[in-house]
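Bear in mind these aren't lab numbers, they're just calculated from the coordinates by the rules spelled out. None of these values were measured; they are calculated from a predicted model. All Cβ positions, glycine included, derive from the backbone under ideal geometry; neighbour counts span all protein chains shown.
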DNA sequence: ATGTGATTTGTACTATCGTACAAAAGATCA
DNA sequence: TGATCTTTTGTACGATAGTACAAATCACAT
């Protein structure tokens, strides 16, 4: 019952609701869910605390809406890029294109607004680390399909690698992705200023290069695990 | 002024202080810093909330002590393993040994107690994601030295790869490490039950295999970046 | 056993949290 | 203009946060 019908569709008034969403997204992504109060968000958005309750009912509802806003467009964008990547003929190039289709939307915003982006990916990373319940549910519902699609596509490019290995390596990719967005300054520090962790384009290239090689690594021979040293179970 | 001198050194009384530390470590690693209250910790440790204040003064002090307890032994253990790895003759085997020296202490506890372990690594992952101030300071002080040592060692095994690339790939390794400990269930889910994300030994092997390959990937040719598609800067 | 210092308990204080709700303000159309 | 709906504001409430502190308890050397 929000909008009836003005002369123009979806009028362009300075929307408070959007400002709250943007502020919450930024604050959650930077400091986590629990460290940020509704009052912090309202203040950052130039709004009244009660206004947050009005638009989103609860703090969880606000987080939920952030996810809702992003998930659809982001997965759509990934699907499009994945479909394009699958049409690449050369197997090596195709694998690289698939990885790129997964990584790029996580680092850059899509068309107009809300097509993914670094801030939303960072938010997901933080929520994942905090074990946030709301986030966990949405991720299981929304992201597993996309992840499976990517895993299957990679598996087709590397038929000799067991699916289990592909899953592990995809997992590592996601971890690297998350961590790169959470702590970009560490790259700058460890490289003594030679690399810029905040340079998205460079981060993407580095990640694609490294990840493609990781996927192409020989399979872990599960049948003959005795070959490797049992360094994992040293004492405890 | 805690201990004077009993008949035996470091008596083995059922220490409340240790119980609080253990409970806090577990709770922080699972739920983050801000989501856990001092009362939660005290309850989990079977202690009184006031007892936490007595031993650690503040909640930050408690976190600080957790780090203090682990950092020394963990980095020592890594140094030992790294020194041993550097003595490996074959370059390929040496690289694998170095990576293993970095990964193994993060997944498994050291001798007796407090030598690292999955729980502490997970704690660091969560604190990193939350942008915790206390953790950030300690990490910059304590871990960068160790990280540089590993980066240098890897660089020596791969002299033809620029140091910047090594830094990025180390960064990805740490991200993969963190994420594997934060969300092991996702591996199980995505592999449809075929892989167990909580199996540390298997996780280590997968990680070592993938990471060694990533390090060995050809260098990113910074001089000729025009060759690659500028997919990163699509629209926004 | 007894006194002394270390520890644990119980309780209380203040600040801040998420949320509710009534009143004010703004917008929209007959 | 006045009626009606949406949005914003202001304020308040109960719950819980971190921490302080006095009293009770424990451990142990004398």
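Over all residues in B:28-40, what is the mean tally of Cβ atoms on other chains that come within 10 Å of each residue's Cβ?
3
Please work out the C-alpha center-to-center distance from region B:32-107 to region A:35-97 and express it in whole Å.
Rounded to whole Å, the Cα centres lie 33 Å apart.
Work out, step by step, the length gained on full extension between residue A:91 and residue A:142: first 0.36 nm times the residue separation, then minus their alpha carbon distance; give nm to one decimal.
15.5 nm
For the residue pair residue A:15 and residue B:60, what label-to-label distance in nm results when each label sits 7 Å from Cα along the Cα-to-beta-carbon direction?
If labels sit at residue A:15 and residue B:60, their model points lie 3.9 nm apart.
Compute the relative contact order of region B:70-218 as a whole-number percentage, counting only Cα pairs closer than 8 Å that sit 6 or more residues apart in sequence.
Normalised by residue count, the contact order of region B:70-218 is 25 percent.
Can you list, shortest first and in nm, the gaps between the label point of residue B:58 and those of its counterparts in the other copies, using a point 7 Å from Cα in the C-beta direction?
Nearest first, the other copies' label points are 3.2 nm away.
State, to one decimal in nm and shortest first, how far the label point of residue B:137 sits from each corresponding label point in the other identical copies (label point: 7 angstrom along Cα-to-Cβ).
Copy-to-copy label distances at residue B:137, shortest first: 3.9 nm.
Under the classification rounded if a/c is under 1.5, otherwise prolate if a/b is larger than b/c and oblate if not, where does region A:9-57 fall, given a ≥ b ≥ c as square roots of the Cα gyration tensor eigenvalues?
Taking the square roots of the gyration eigenvalues as a ≥ b ≥ c, region A:9-57 is prolate.
In whole percent, what relative contact order does region A:9-57 give with Cα contacts below 8 Å and a gap of six or more residues?
About 36 percent, as a whole number.
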